Every structure is written in C-alpha cells, then in structure tokens.
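Take a look at the structure below.
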Amino acid sequence: MKRIWGLILIICLLSCDKERTNRNPFLQEIGFQFELNLNLPLYSPLTNSGSSIYVGNTQVGTRGAFVTNTGFDVFRVFEASCPNHAPNECSTMTLNGIVATCSCEDFEYSTITGQLLNNPDDGTRYFDMLEYRASFNGSNLVIISN
C-alpha cells in the first residue's frame, strides 16, 4: 500500500507545471468592483441576448469594459484596452455589434469569447482580451476585477 501512495505522490509531483500563468505584460490587472442596474436606460440594451455595450466609466478597468449578454442571464465582461500593446491614445477599442476593434493595428476581437479574430500568422504571440468576472442578480450586474 505504501508503494502505491509513493507512486501516486511521484506522479503528482512530476505532473505539476513549473511555469506560471502567462500574464499579459501590456495590461495591469487593477482591483475594482462596479455595479450596473439593467433597469436604467443606459444599460437596458443588456436585457437582450447577444447585445453588447461599452462602459466607459473611469471606475471600470483601464479603459472601460465591454459587457455582453450571451444569453440565459450569462454576461461576459472584457477590458476595453487593446491587449496587444500598452495603453496609449489609440488603445481604447471601439464596439461594432459584438466585435471590438483596436484602431492601432485594426485587430478585431469577439466580445462573446474575447478571442482575437484576425490573428496575424507571423509567429508572434498575441493576447486575447482580458476578462473580468461578472455576477448577475435580478436586475443588477456586478463586475469584479480578477
């Protein structure tokens, strides 16, 4: 029995990944909490599945956030600053439907998945959008940083 536990322990130790999570070097993860009341006209588009809005409040993220209702009371929230370069004058992305576009390089991102849609095939590592946690309770959506 001791041999089995010893073998399990060795397998567990060898299977641990020594590399840390690959953090985005361009975006700083800041602490914040922000609440959206979906009964307010400003946020009412989020009552429809598939709708996205830009929240440009200075208390949300680095450059604001994109909030998308993906259906069944599930919301995805992503940082509005382009994740593939440091924040600058052109890094705040614009929203067109469910696609966010960075005017610096014309990178396009899905506000449903956060993925880069037009990933260049040049061997460079590109980052997807930084996601924030969101919880929905009745008519209030609470956005919390990671």
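Of note:
- Odd one out for TYR126 among (1) closer than 28 Å to ASN37 by Cβ; (2) touching a residue at least 40 places away in the same chain (Cβ under 8 Å); (3) surrounded by fewer than 18 Cβ atoms within 10 Å (Cβ to Cβ): (1)
- Any chance THR62 is in a loop (DSSP other than H, G, I, E, B), β-branched (Val, Ile, Thr) and touching a residue at least 12 places away in the same chain (Cβ under 8 Å): yes
- Looking across the range 9-33, the residues that are under 15 Å from the mean Cα position of the chain (by Cα) and either modelled with pLDDT under 90 or surrounded by 11 or more Cβ atoms within 10 Å (Cβ to Cβ) (or both) come down to ASN22, ARG23, ASN24, PHE26, LEU27, GLN28, GLU29, ILE30, PHE32, GLN33.
- Odd one out for GLY50 among (1) modelled with pLDDT of 90 or more; (2) exposed (fewer than 14 other Cβ atoms within 10 Å of the Cβ); (3) on the phi < 0 side of the Ramachandran plot: (3)
- Where ILE98 falls short, out of the listed (1) in contact with a Leu (Cβ under 8 Å, 6 or more places away or on another chain); (2) in contact (Cβ under 8 Å) with a residue 24 or more places away in the chain: (1)
- Candidates VAL55, VAL67 - the one that is under 13 Å from the mean Cα position of the chain (by Cα), of a type in the set (A, V, I, L, M), surrounded by 15 or more Cβ atoms within 10 Å (Cβ to Cβ) and modelled with pLDDT of 95 or more: VAL67
- Condition met for VAL99 (surrounded by fewer than 20 Cβ atoms within 10 Å (Cβ to Cβ) and among the β-branched types (Val, Ile, Thr)): yes
- For the range 65-82, the set of residues classified as closer than 14 Å to SER103 by Cβ and either β-branched (Val, Ile, Thr) or in a loop (DSSP other than H, G, I, E, B) (or both) consists of ALA80, CYS82, listed by residue number.
- Among all positions in the range 89-100, there is no residue which is under 28 Å from THR47 (Cβ atoms) and touching a Gly at 6+ places or on another chain (Cβ under 6 Å).
The values are calculated or read from the model by the stated rules, or taken from the named source; none is laboratory data. Fair warning: this is a prediction, and the values are worked out from it, not measured in the lab. Here the Cβ is made from the backbone with ideal geometry for all residues, glycine too, and neighbour counts use every protein chain on show.
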